[in-house]
Amino acid sequence: MSLSTNSGSSTSTLPKPRLSLSQIFFMSFGFLGIQFGFALQNGNTSRILRSFGADVDQLPMFWIVAPLVGMIVQPLIGHYSDKTWNKFGRRKPYFLVGALLSSAALLFLPNAAFLSSILPALWTGAGMVMLMDASFNVAMEPFRALVADNLPDTQRTSGFAVQTFLIGVGAVVGSELPSFLAKHGFSQDPGLSGVADNIRYSFYIGAAVFIAAILVTVFMSREYTPSEYEQYHGKPAETEKKGLSQIFSDFSNMPKTMKQLGLVQFFSWFALFSMWVFTTDAVATHVYGLTGDYVKSVAYNDAGNKVSSAFGTYNLVAALYALMLPLVAKFLGRKGTHAFSLFAGGIGLISIYFIKDPAMLTYSMIGIGLAWASILAMPYVILSGSIPAGKLGIYMGIFNFFITLPQIINGIAGGWIVKHLYNGQPIYAIVLAGFFMLCGAVSVLFVYDAGAIKIKQGKD
């Protein structure tokens, strides 16, 4: 068996063994639950906060809490999960804690109005959104590192593709659940609580699915022991810096590839944030033609259900396309695959402006689904080949800065732009998102892909 030198480690390393499809599947299964929760959050948080009294131009400021929390939590979780070795594993303790906290937030968010005697429902709901996203990040960040820990470069596209497929399955079910419950007897009347029964029970189901999916990964997959990890990755170089100082040091020394991908991520996630925040009101006003005080109407809930179902469509497309990513990457390359996918997403977003029949929204979601699958997989595939041994967790966490920063900027400026530049018409925020996605498609072509070069040289 040949030896290879792993950059960033102090010893020669053995090639990592290839894993079976079932091993990859169970290792990533927890992402189904995480994305089930994210789908409920993305498809319903805006209308829940609107029902609690938020104006449409205020929504970005409430949504901004999520990326702010992620910017803080993910690097910390990544750093400490790199250092954690106990009887429960290296990454698994964070999966479990994140799952418990996330499920609690999913249970409490739709019931925020019941605490209105203590705090206004809007602020209680915003607090639950913050707790929910922090908890999602605790559970999610180590999953990216786990895939990179266990898979050789030659399997990473497949590994992240399987992960993206499971993300898509969870998101499809989570997105469709409110409409499914509404069709099967659960009330859509928001009533005194401001949240309809079909939404409330969707969140309850989401909490149960979240924990169950995480437990599948915990019990059905394994992590390398410290000695095994050293065999395959080498012994990480010792460092004198600890805690936060080490995080700042790693940030300043991030690989070239990560810096270049940062621009791609900025364009992509600025666009996604606009889509999640404004699509419900954009469709309600631009497609359904609702005006005036429409937020607590059944028609607005119909529009919200349509958007949630449409989000399910793009996630279904993403799940199917994820399985094709290794084949597409074989022909177009990693960068070409991501560029093609982001281009399709940009066209899909811009096309929403031209829709007059709500049923046509499904076709716009096809392009968005291609982009979403690639966003969840290809940047991490490209990045993982450039990260030194022992730093996968921290650099996956730091990489989250390039996801959260564009959302924070959008959260600060997006509401003002919609109110003052777009005259309160959120459809134009969706069009701008489409153009940003096109910019991401161009910028990825200039990224240096170290992992692809290693594969061509036969080093993994």
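The values are calculated or read from the model by the stated rules, or taken from the named source; none is laboratory data. Note that this is a predicted model, so its numbers are computed, not measured. Glycine also receives a Cβ, built like all others from the backbone with ideal geometry; neighbour counts cover every protein chain displayed.
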Test Met360 against the stated conditions and say whether it is assigned to a helix (DSSP H, G or I) and surrounded by fewer than 24 Cβ atoms within 10 Å (Cβ to Cβ). yes
Apart from one, (1) under 24 Å from Lys183 (Cβ atoms); (2) of a type in the set (Val, Ile, Thr); (3) not in a helix (DSSP H, G or I) all hold for Thr279; the odd one out is (3)
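Hey, among Ala373, Ala413, which residue is part of a helix (DSSP H, G or I), farther than 16 Å from Thr279 by Cβ and at pLDDT 90 or above?
Numbers: Ala413 fails: at pLDDT 90 or above.
Testing whether each residue is part of a helix (DSSP H, G or I), farther than 16 Å from Thr279 by Cβ and at pLDDT 90 or above leaves just Ala373.
Would you check which residues across region 290-312 are assigned to a helix (DSSP H, G or I) and of a type in the set (A, V, I, L, M) and list them? Steps first, answer last, please.
Just the residues of region 290-312 that are assigned to a helix (DSSP H, G or I), to begin with: 298-312.
Those that are assigned to a helix (DSSP H, G or I) and of a type in the set (A, V, I, L, M): Val298, Ala299, Ala303, Val307, Ala310.
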Kindly indicate the residue of region 140-175 that is at pLDDT below 75 and among the small types (Gly, Ala, Ser) and also surrounded by the fewest Cβ atoms within 10 Å (Cβ to Cβ) among those meeting that condition. Ala148
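Among the residues of region 92-112, is any modelled with pLDDT under 75 and within 25 Å of Ala208 (Cα to Cα)?
yes
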Kindly indicate whether any position in region 196-208 is among the hydroxyl-bearing types (Ser, Thr, Tyr), surrounded by fewer than 18 Cβ atoms within 10 Å (Cβ to Cβ) and either modelled with pLDDT of 70 or more or within 25 Å of the chain's Cα centre (by Cα) (or both). yes
Looking only at region 420-460, count how many residues are assigned to a helix (DSSP H, G or I) and at pLDDT below 85. 7
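Scan region 318-336 and tell me whether some residue there is farther than 24 Å from Ser28 by Cβ and either outside any helix (DSSP H, G or I) or in contact with a helix residue (DSSP H, G or I) (Cβ under 9 Å, 6 or more places away or on another chain) (or both).
Pass one, region 318-336, residues farther than 24 Å from Ser28 by Cβ: 331, 336.
This time we only want the ones that are either outside any helix (DSSP H, G or I) or in contact with a helix residue (DSSP H, G or I) (Cβ under 9 Å, 6 or more places away or on another chain) (or both), so: 331, 336.
There is at least one residue in region 318-336 that is farther than 24 Å from Ser28 by Cβ and either outside any helix (DSSP H, G or I) or in contact with a helix residue (DSSP H, G or I) (Cβ under 9 Å, 6 or more places away or on another chain) (or both).
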Within region 85-112, restricting attention to residues that are crowded, with 17+ Cβ neighbours inside 10 Å and among the polar types (S, T, N, Q), which residue is nearest to Ile387 (Cα to Cα)? Ser102
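Taking the stated definitions as given, is Phe273 surrounded by fewer than 24 Cβ atoms within 10 Å (Cβ to Cβ), part of a helix (DSSP H, G or I), out of contact with any strand residue (DSSP E or B) (no Cβ under 8 Å at 6 or more places or on another chain) and aromatic (Phe, Trp, Tyr)? Give the derivation first.
Values: surrounded by fewer than 24 Cβ atoms within 10 Å (Cβ to Cβ): no; part of a helix (DSSP H, G or I): yes; out of contact with any strand residue (DSSP E or B) (no Cβ under 8 Å at 6 or more places or on another chain): yes; aromatic (Phe, Trp, Tyr): yes.
So Phe273 does not fit the description; no.
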Among the residues in region 413-427, are any closer than 23 Å to Ile34 by Cα, of a type outside the set (S, T, N, Q) and in contact (Cβ under 8 Å) with a residue 24 or more places away in the chain? no
